[in-house]
1. Step by step: first the residues of segment 45-78, then only those that are among the charged types (D, E, K, R) and touching a helix residue (DSSP H, G or I) at 6+ places or on another chain (Cβ under 7 Å), then the one that is nearest to Arg210 (Cα to Cα). Which residue is that?
2. Hand me the list of strands (runs of 3 or more DSSP E) wholly inside segment 125-242 holding 3 or more residues that are open to solvent by less than 40 Å² (accessible area, probe 1.4 Å) and touching a residue at least 60 places away in the same chain (Cβ under 8 Å).
3. Answer yes if at least one residue in segment 271-282 is open to solvent by 40 Å² or more (accessible area, probe 1.4 Å) and small (Gly, Ala, Ser), and no otherwise.
4. Output the number of residues of segment 18-74 satisfying the condition of being basic (Lys, Arg), assigned to a strand (DSSP E or B) and open to solvent by less than 60 Å² (accessible area, probe 1.4 Å).
5. Where residues in segment 244-265 are open to solvent by less than 30 Å² (accessible area, probe 1.4 Å) and not in a strand (DSSP E or B), which of them is nearest to Ala330 (Cα to Cα)?
6. Do any residues in segment 21-36 that are more than 14 Å from Gly212 (Cα to Cα) have Cβ atoms under 7 Å from those of residues that are aromatic (Phe, Trp, Tyr) and surrounded by fewer than 19 Cβ atoms within 10 Å (Cβ to Cβ), where the two are at least six apart or on different chains, and which pairs are they?
7. In segment 283-300, how many residues are farther than 19 Å from Ala170 by Cα and crowded, with 18+ Cβ neighbours inside 10 Å?
8. Output the residues belonging to segment 302-353 that are under 19 Å from Leu144 (Cα atoms), in contact with an Asp or Glu (Cβ under 9 Å, 6 or more places away or on another chain) and open to solvent by 40 Å² or more (accessible area, probe 1.4 Å).
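The values are calculated or read from the model by the stated rules, or taken from the named source; none is laboratory data. If you're wondering where the values come from, they're calculated on a predicted model, not measured in any experiment. For neighbour counting, all protein chains shown are included, and Cβ atoms are generated from backbone atoms with ideal geometry for every residue, glycine included. In case anyone asks, the SASA skips ligands and DNA or RNA and just uses the protein heavy atoms, side chains included. Shrake-Rupley method; radii C 1.70, N 1.55, O 1.52, S 1.80 Å.
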Amino acid sequence: MSAISPKPVAPPVPVAVITAIDPVLRDVLVGSLLLEGEGLLALRYEVDHEAAALRRLVVAADGVREDELVELDHPCVSCAMREDAVPTLRRLAERREVDGILLAPPLSADPATVVGTLHPHQGDWELASSRAVAASGTAREDLLGDDTLAERGAQWADGDARSVGEALAAQLEHADLIVLDGDPGDPGTELVEHLRAPEQRLLHGLHALRAGEALGGRHDRAAGLRRRDARLVEPYGGPTRHGTWTLDLSSTRPFHPERLLENIEDLGGGELRGRGRFWVPDRPDSICQWDGAGGQVSIGAVWRAGRDLPTTRIVVTGIRPADAGRVRLAFGRSLLTEAEWAEGLAPWLGAPDRLAPWLGERDARV
């Protein structure tokens with residue numbers, strides 16, 4: 001009696017996550033990939049602010065296949081991905097004619113949150129890549145300007161107070177590959193070169209990314225998270241023809257809480273992108289995050305320190321020559337002096353917690 005061969009198991013359908021802050025760039029890139037061949041679908045989400053809901057579109061090369069409003073219990077990225085994207089991806093992946101899916105979350109979505117929510121639910125589909133698309137001609141304004149997402153109509157939901165720069169920087173830093181539309185010689189391209197890690201590929205032109213490249217790999221989530229981790233920040237540097245500079249500011253000493261508040265405008269204000277970690281002497285068990293773009297700075301006590309004292313390191317990139325000196329001086333003024341550091345941490349026991357409004361209460365878990 002001959003053995004019965006088992007039915008072959010189909011490989012998971014690859015899913016590429018494509019993020020942007022500009023709907024035209026996103027849609028042109030997705031449309032270009034769809035036109036390459038049969039078997040590809042785009043799952044696109046848009047925020048409908050009037051209806052307080054998400055609009056879900058399933059698009060193929062020959063047109064729109066689905067267009068529905070999705071009511072959510074909570075207007076957040078993770079809820080949208082978990083409640084609607086996960087079952088929709090599963091449903092689309094079950095179709096025999098589908099060879100790949102391009103997932104375009106709403107404008108300004110943080111890909112780390114999107115990927116983190118989707119990652120545990122892979123099965124019939126698999127995360128192949130995370131791609132970010134931006135315009136080199138407006139990269140300086142988008143990353144370093146003071147526009148908010150709300151001002152551009154690209155906020156995720158009411159109360160989303162992020163700057164455009166904060167959202168775009170998060171997308172660029174997480175992506176496996178960055179697609180830049182525009183002249184490779186633009187000043188904005190130089191800025192992106194300073195912000196991208198060496199392992200992140202950079203393609204010029206919306207038609208430079210091919211469908212096989214977008215869907216042919218497997219997303220390295222750990223690498224994306226490392227690039228977004230302020231504890232592991234590195235100064236990548238880059239060309240300086242257009243005046244872009246990057247400072248690597250580091251010290252074993254902590255910030256003096258009061259002097260940090262006094263100098264925070266000089267340290268983080270203006271056309272800068274700054275990321276890193278710091279600590280303060282009245283909470284030596286906490287590693288604090290520094291995340292700034294477009295004149296906005298977000299700080300918080302995010303991690304527990306280990307057995308050794310934390311260190312302070314902030315990497316700042318800018319485009320105005322005068323800003324580099326201002327930032328460097330503000331960093332030095334914010335640190336404990338050598339004399340203060342020589343006294344140790346004992347003088348800080350029981351000191352008033354000046355940074356509690358931003359870092360949370362000292363006894364709160366991080």
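1. As a first pass, look at segment 45-78 and keep what is among the charged types (D, E, K, R): 46, 48, 50, 55-56, 62, 65-68, 71, 73.
From what is left, the residues that are touching a helix residue (DSSP H, G or I) at 6+ places or on another chain (Cβ under 7 Å) are 56, 73.
Values: Arg56: 24, Asp73: 37 Å.
In this case the residue turns out to be Arg56.
2. Working: elements: 125-135, 177-181, 201-204.
The strands (runs of 3 or more DSSP E) meeting that bar are 125-135.
3. No: segment 271-282 contains no residue that is open to solvent by 40 Å² or more (accessible area, probe 1.4 Å) and small (Gly, Ala, Ser).
4. Residues of segment 18-74 basic (Lys, Arg): 26, 44, 55-56, 65.
From the residues that got through so far, the ones that are assigned to a strand (DSSP E or B) too are 44, 55-56, 65.
Those still in the list that are open to solvent by less than 60 Å² (accessible area, probe 1.4 Å) too: 44, 56.
Of the residues in that region, 2 qualify.
5. Applying the filter and picking the extreme gives Asn263.
6. Close Cβ pairs satisfying both conditions: none exist.
7. Taking segment 283-300 first, the residues farther than 19 Å from Ala170 by Cα are 283-287.
Next, from what is left, pick out any that are crowded, with 18+ Cβ neighbours inside 10 Å: 283, 286-287.
Number satisfying all stated conditions: 3.
8. Correct list: Arg320, Arg326.
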